[in-house]
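Worksheet: one structure, shown below.
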Amino acid sequence: MSKLTQQKEKFQKQAPRQDVHLEMEIGDTIGEYKVANPRMTTRNVNAFYGKKQAILNVSLDIAKNEVISMIGPSGCGKSTFIRCLNRMNDTIETCRIEGEIKLDGVDIYESSYDVVPLRAQVGMVFQKPNPFPKSIYDNVAYGPKLHGLATDKTDLDEIVHTSLERAGLLSEVKDRFEEPGTSLSGGQQQRLCIARTIAVNPEVILMDEPCSALDPIATAKIEDLIEQLRQNFSICIVTHSMQQAARVSQRTAYFHLGYLVEVGETSTIFTNPKHKLTEEYITGRFG
């Protein structure tokens, strides 16, 4: 049994109040979770799947025009956390969220908050490319049609062309608009999904391991695209690649067993982390 597995089982057997010491220890070294003029803020977020708690008292700001990477071992709460940011966890019957999550100062978990426009404002790109069973054109046009963003065919054409161009895909598909989105390569499909996401002009883009199923060349194209998109959007990316986090993000957050252990400038996290847990993960001692 690995050291990490033993540690995880130890914490799972403990009652919630027995985790206080670890929480206080982490809290002393968490660094600056606040940023000036944040796009999104989260405070004391807890997530539960039935009786199992997946996230414990996470507080973190998402800055405008930044890429923030979420790193940590499998099952530490990274994906659960970003799914809280656009209420994707609402689709899981056993999932319950506590705490405060605000977009532009408005609590997105207020009972009157409409999740349909929320998921346009906070778009998501998944681990596996998931183009709709539609043409390339209709994949990108779907969101603008749904949200009434185009007044006529000319407007819609402009949105589709601009979105594909921003996703670095227009030159590759400009003569293939009527072909199925599923006819594209894996890397192209992922960029099509990104084009579909930005077509509704979101404020935040969530990416859950967007390159894990791609080859190195396709991965490099997605990473270049992320840097370009940062000029207009805030981006949260979950990744298991330390190299990718170092290349694409300005800040990095390290999660461990549901806790946000440490967050700070990416260069600092990778060269001079404050917490031993972060250092051990970065250096490959576990995870």
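Each row is one residue, and each column tells you yes or no for (1) of a type in the set (Lys, Arg); (2) closer than 12 Å to Leu260 by Cβ; (3) at pLDDT below 85; (4) touching a helix residue (DSSP H, G or I) at 6+ places or on another chain (Cβ under 6 Å).
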residue: Asp19; (1), (2), (3), (4): no, no, yes, no
residue: Glu23; (1), (2), (3), (4): no, yes, yes, no
residue: Gly31; (1), (2), (3), (4): no, yes, yes, no
residue: Ala36; (1), (2), (3), (4): no, no, no, no
residue: Arg39; (1), (2), (3), (4): yes, no, no, no
residue: Thr42; (1), (2), (3), (4): no, yes, no, no
residue: Ala54; (1), (2), (3), (4): no, no, no, yes
residue: Asp61; (1), (2), (3), (4): no, yes, no, no
residue: Cys76; (1), (2), (3), (4): no, yes, no, no
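For region 186-283, the helices (runs of 4 or more DSSP H) that sit wholly inside it and include 1 or more residues that are among the basic types (Lys, Arg) and in contact with a Phe, Trp or Tyr (Cβ under 9 Å, 6 or more places away or on another chain) are 186-198.
Right, Ala213: surrounded by fewer than 21 Cβ atoms within 10 Å (Cβ to Cβ), closer than 30 Å to Asp61 by Cα and without any contact (Cβ under 8 Å) to a residue 12 or more places away in the chain or not? Criteria not met by Ala213. Summed over region 100-133, the residues that are surrounded by 13 or more Cβ atoms within 10 Å (Cβ to Cβ) and of a type in the set (Ser, Thr, Tyr) give a count of 2.
Each row is one residue, and each column tells you yes or no for (1) on the phi > 0 side of the Ramachandran plot; (2) surrounded by fewer than 18 Cβ atoms within 10 Å (Cβ to Cβ); (3) touching a residue at least 12 places away in the same chain (Cβ under 8 Å); (4) β-branched (Val, Ile, Thr).
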residue: His240; (1), (2), (3), (4): no, yes, yes, no
residue: Gln243; (1), (2), (3), (4): no, yes, no, no
residue: Ala253; (1), (2), (3), (4): no, no, yes, no
residue: Gly258; (1), (2), (3), (4): yes, no, yes, no
residue: Thr266; (1), (2), (3), (4): no, no, yes, yes
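Return the residues of region 40-61 that are under 25 Å from Pro202 (Cα atoms) and crowded, with 19+ Cβ neighbours inside 10 Å; say none if nothing qualifies. If the condition is that a residue be under 25 Å from Pro202 (Cα atoms) and crowded, with 19+ Cβ neighbours inside 10 Å, then Met40, Thr41, Thr42, Val45, Ala47, Val58, Leu60, Asp61 are the ones that fit. May I ask you to verify whether Phe132 is aromatic (Phe, Trp, Tyr) and more than 26 Å from Phe48 (Cβ to Cβ)? In short, yes.
Thr5 - would you say it is closer than 15 Å to Val263 by Cβ and either surrounded by fewer than 17 Cβ atoms within 10 Å (Cβ to Cβ) or at pLDDT below 60 (or both)? It is false that Thr5 is closer than 15 Å to Val263 by Cβ and either surrounded by fewer than 17 Cβ atoms within 10 Å (Cβ to Cβ) or at pLDDT below 60 (or both).
In region 200-229, which residues are aliphatic (A, V, I, L, M) and touching a strand residue (DSSP E or B) at 6+ places or on another chain (Cβ under 9 Å)? Let's see the steps before the verdict.
Going through region 200-229, the residues aliphatic (A, V, I, L, M) turn out to be 200, 204-207, 213-214, 217-218, 220, 222, 225-226, 229.
Val200, Val204, Ile205, Leu206, Met207, Ile222, Ile226, Leu229 - these are the residues of region 200-229 that are aliphatic (A, V, I, L, M) and touching a strand residue (DSSP E or B) at 6+ places or on another chain (Cβ under 9 Å).
The values are calculated or read from the model by the stated rules, or taken from the named source; none is laboratory data. Quantities reported herein were computed from a predicted structural model and do not represent experimental measurements. FYI the Cβ positions are ideal-geometry reconstructions off the backbone, even for glycines, and counts take in every protein chain you see.
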